[in-house]
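Down below is the structure, laid out as structure tokens.
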Amino acid sequence: MIYQGSSLSAQLLEHGIVELKFEAQGSVNKFDQATFVEYQAVVDAINNCSEAKGVMVTSGKSTYIVGADITEFLETFKQPEEALVPWVKKASDVFDAFEDIQLPTIAAINGVALGGGCEMTLVCDYRVADTNVSIGLPEVKLGLMPGFGGTVRLPRIIGADNAIEWMSTGKAHRAESALAVGLLDAVVAPEKLKTAAISMLKQAIAGKLDWRAKRQPKLEALTLSPVETLMTFSTCKGMIAAKAGKHYPAPMVMVKTIEAAAGLDRAGAMAAENAGFAKLAKTDAATAQIGLFMADQVIKGKAKRAAKQATKAVNKAAVLGAGIMGGGIAYQSAYKGTPIIMKDINDQALDLGLSTAAGILTKQVERGRINAKKMAGVLNNITPSLSYDSVKDVDIVVEAVVENPKVKGMVLAEVEGVISKDAILTSNTSTISIDLLAQSVKRPENFCGMHFFNPVNKMPLVEVIRGKDTSDETVAAVVAYAAKMGKSPIVVNDCPGFYVNRVLFPYFAGFSQLVLEGADFVAIDKVMEKQFGWPMGPAFLLDVVGVDTADHCTGVMSAGFPTRMKKLDNDPVSALYSNDRLGQKNGKGFYDHIKDKRGRPMKVPADAAYALFAENCADKKSFESEEIIARLMIPMVNEVVRCLEEGVVDTAAEADMGLIYGIGFPPFRGGAIRYLETLGLDSFITMADSYAHLGEIYQVTDGLREMTKSGKSYFTTDVKTSANVSNK
């Protein structure tokens, strides 16, 4: 053994081949600070081994290396930029040191090689992978760019245009596509990986492969003519500016770094990368996107624990109520491998449900994502039925009938009489109290909410709503089923609107009040989309949600929180509803929804909507963008804080991910709590206090003022107040 550490080892095999093995003590290999220390030590050990003739880099895990240890990032990135440059240089210098070993090197890549894992393969002279490999540089998804030499080596291996595409999208690539662009030298079956790598390395040692010539381009400037340089980088910058926009700086910084380093050798190019990485590390976007990654890990971790704790396995499901929502739920369950009964009271509804599922699958076939065999298999996993007898042996029921408490209560009572005593009963309600619905069932401990978001196949979030009598076993089983369906479940406690709708409607209230004061709803949409970053502004979102649905939910929220969320007099949403302007569903709302000359949907500000609002709204008035953002976002942030304090949602991480996955909160802002902490709690309070006269939704909680005084973070502090939290 040449070297033995906690995460790395180096062993001399036959023919002078050194196997450098990554085998961390945890579940996966990753680059943390301790591993970097060992990495430098193992490079030194190889350089000092006179018998070594070549190096093969392997993994002792089922995957290669998943990348850097992101949990270390947020604290490290609090350092000033001038301190981050030497920090990242110290790490990248180790990769350079490995690349400079005066022996041929090869990476034998298995499973996943992402980020720093991919960069580890780039420092090798040769790369052979098994057929299951997924490889790429996803740093832009964290608001960053590669920092261990990826921007230097990848363009010199696969060409600048290919490299920029890989890094600007952050996509992981299968072995075949990596081979096609020249990143890999060979792809073999998993059982042949090590043998193939040794064989190739032997050829390099024997001089049959010129490893020095293979390495040299990585040490020099890019071989691009002036015309090629201009065309490549001008085209890439134009495409990135159009796609990423101003809110996501990482792709543009990355491509400008490669451009600036195109004429430099490795040392100069690495210096440019170090500086670019440090610059991005200090952006709010990086802080937000790294935070989201970690928050997503919180949700996934809880789902995994729930799956282990669940005493009830879900192997067969049922959805009551077909239609678009029921069809979407049936599709999602069947697509992820859990057979499902789709039960309704008439054939027309069942046809709609099946056509909804078939339509989703057809689009996937057309796009080449699945084949006809997969489509047939999914549809065969959905059994339409008009009879309750068909659901008697299911493990879980998702009730998805009309949003009416009496109808839901009746259906829940009926189906409970048919299913087994240990079967789980859930309601896909968006507004109705779970405790209220629980009054209709005899086994409330087996009942909870399971709120999907429309369209089910696209929206990642599922709210699992715990009632006061819901058992822990039921919650665990439903969370596990939601995760099995490919969803991101968060557990919330029962209250009006649950979590997502509860915090969304104060946002809508702020919007309605602005319109009443004379603001143009088109101008508001533009500010909230282009400047704040929402995928759609509030007026357009209300049209998509459905004006009738929104008006109903406003009533629910008003009844639940009569002082804070009292329905506005002359609410523009109610005015539209009263005049049968329901939004996209009937083609008229704030906007008229029509099709352009090519048949594509488009929206046009509705003169009829302006005329309706003129009756009760102030004369048209322009508002500054900052005021529009403040007037809409303060109520939402305040309500999220209240939900944390009341224990409606358990953690700031889940609160943020609920908004990201449920309503498309701008990812570069990281969610409502990350947005709050980026602004600064004291700055937010000052801003909110300036609007406090507008009503209770603008008034911050005493808890938020105390958090500001203490200097604590919501991400590391449990702010639930004992007075408001049940024993659950």
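The values are calculated or read from the model by the stated rules, or taken from the named source; none is laboratory data. Quick caveat, the model's predicted, so the values are computed rather than measured. No Cβ is skipped: glycine too gets one built from the backbone with ideal geometry, and neighbour counts run over all protein chains shown.
Quick one: is Ala180 surrounded by fewer than 20 Cβ atoms within 10 Å (Cβ to Cβ) and assigned by TED's automatic domain parsing to the domain that holds Val85?
When the stated conditions are applied, Ala180 passes them.
Taking into account only those residues within segment 462-480 that are aliphatic (A, V, I, L, M) and part of a strand (DSSP E or B), which is farthest from Tyr331 (Cα to Cα)?
That would be Ile465.
So is Ala285 surrounded by 17 or more Cβ atoms within 10 Å (Cβ to Cβ) and either modelled with pLDDT of 95 or more or under 21 Å from Ala83 (Cβ atoms) (or both) or not?
yes
Kindly provide the set of residues from segment 437-456 that are in a loop (DSSP other than H, G, I, E, B) and surrounded by fewer than 24 Cβ atoms within 10 Å (Cβ to Cβ), ordered by number.
Listed by number, the residues that qualify are Gln439, Ser440, Val441, Lys442, Arg443, Phe453, Asn454, Pro455.
Test Glu19 against the stated conditions and say whether it is more than 34 Å from the chain's Cα centre (by Cα), of a type in the set (Asp, Glu) and outside any loop (DSSP other than H, G, I, E, B).
yes
So Gln102 clears everything in (1) out of contact with any Gly (no Cβ under 8 Å at 6 or more places or on another chain); (2) more than 24 Å from Phe715 (Cα to Cα); (3) in a helix (DSSP H, G or I) except one condition, right? Which one?
For Gln102, the failing item is (3).
Give me the helices (runs of 4 or more DSSP H) completely within segment 645-697, filtered to those with at least 2 residues that are of a type in the set (S, T, N, Q), ordered by residue number.
Where helices (runs of 4 or more DSSP H) fall fully within segment 645-697 and carry at least 2 residues being of a type in the set (S, T, N, Q), they are 681-689.
Restricting the search to segment 385-418, which residues are assigned to a loop (DSSP other than H, G, I, E, B), in contact (Cβ under 8 Å) with a residue 40 or more places away in the chain and more than 9 Å from Leu320 (Cα to Cα)?
Leu386, Ser387, Asp393, Val394, Asp395, Val402, Glu403
Among the candidates Ala575, Ala608, Ala539, Ala614, which residue alone is touching a strand residue (DSSP E or B) at 6+ places or on another chain (Cβ under 8 Å), more than 28 Å from Ile673 (Cβ to Cβ) and of a type outside the set (Lys, Arg)?
None of the other options fit; the residue is Ala608.
Determine whether Leu280 is in a helix (DSSP H, G or I), of a type in the set (A, V, I, L, M), in contact with a Gly (Cβ under 7 Å, 6 or more places away or on another chain) and closer than 24 Å to Gly149 by Cα.
Here the answer is yes, as Leu280 does meet what is asked.
With hydroxyl-bearing (Ser, Thr, Tyr), in a loop (DSSP other than H, G, I, E, B) and touching a helix residue (DSSP H, G or I) at 6+ places or on another chain (Cβ under 9 Å) as the only criterion, which of Ser622, Ser574 stands out?
Result of the check over Ser622, Ser574: Ser622.
Give the residue, chosen from Lys408, Lys484, Lys468, that is crowded, with 23+ Cβ neighbours inside 10 Å and either among the β-branched types (Val, Ile, Thr) or not assigned by TED's automatic domain parsing to the domain that holds Met657 (or both).
Every option except Lys408 fails the conditions.
Check Met459 against each of (1) surrounded by 22 or more Cβ atoms within 10 Å (Cβ to Cβ); (2) part of a loop (DSSP other than H, G, I, E, B) and name the one condition it does not meet.
(1)
As an exercise: evaluate Asn638 against (1) of a type in the set (S, T, N, Q); (2) in a helix (DSSP H, G or I); (3) surrounded by fewer than 19 Cβ atoms within 10 Å (Cβ to Cβ) and give the number of the one condition it does not meet.
Here Asn638 clears every test but (3).
Only residues in segment 623-645 that are touching a residue at least 40 places away in the same chain (Cβ under 8 Å) and in the same structural domain as Pro538 (by TED's automatic domain parsing) count as the first member; pair them with residues that are of a type in the set (Phe, Trp, Tyr) and not in a helix (DSSP H, G or I), Cβ under 6 angstrom, at least 6 apart or cross-chain, and list the lot.
Cys643/Tyr499
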